[in-house]
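Before any comments, here is the structure.
The values are calculated or read from the model by the stated rules, or taken from the named source; none is laboratory data. Please read these numbers as outputs of a predicted model, since none were measured by experiment. Here the Cβ positions follow ideal geometry from the backbone for every residue, glycine too, while neighbour counts run over all protein chains shown.
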Amino acid sequence: MMINRKIYLSKIIEKLELYACGSNQYGQLGIEGVIQLNKPSVVNSLKDYKISSVHCGTDHTFALTTKGEVFSWGLNLKGQLG
């Protein structure tokens with residue numbers, strides 16, 4: 001039996017902007033209106049923030065700003081987004 005695991009990637013570039021690509025089935029990319037992105041795209045909802053780190057779960061994402069603010073998005077079946 002083969003398991004097809006959805007893969008997605010979030011990346012911070014030099015300007016401390018967040019980019020994401022891959023599966024967005026549960027909104028884990030933070031980009032509305034798409035189910036799949038094949039090339040990295042900026043997460044516009046966080047464009048005004050300087051992102052210092054990002055942590056990805058299977059279907060959710062957390063981002064930390066340089067000011068200590070935390071943002072989370074994606075699937076929240078078990079309250080993992082806070």
_Can you tell me which residue is surrounded by the fewest Cβ atoms within 10 Å (Cβ to Cβ) among those in the stretch 35-70 that are hydroxyl-bearing (S, T, Y) and under 13 Å from the mean Cα position of the chain (by Cα)?_
S53
*Which is over 16 Å from W73 (Cα atoms), modelled with pLDDT under 95 and loosely packed, with under 13 Cβ neighbours inside 10 Å, of E32, E14?*
E14
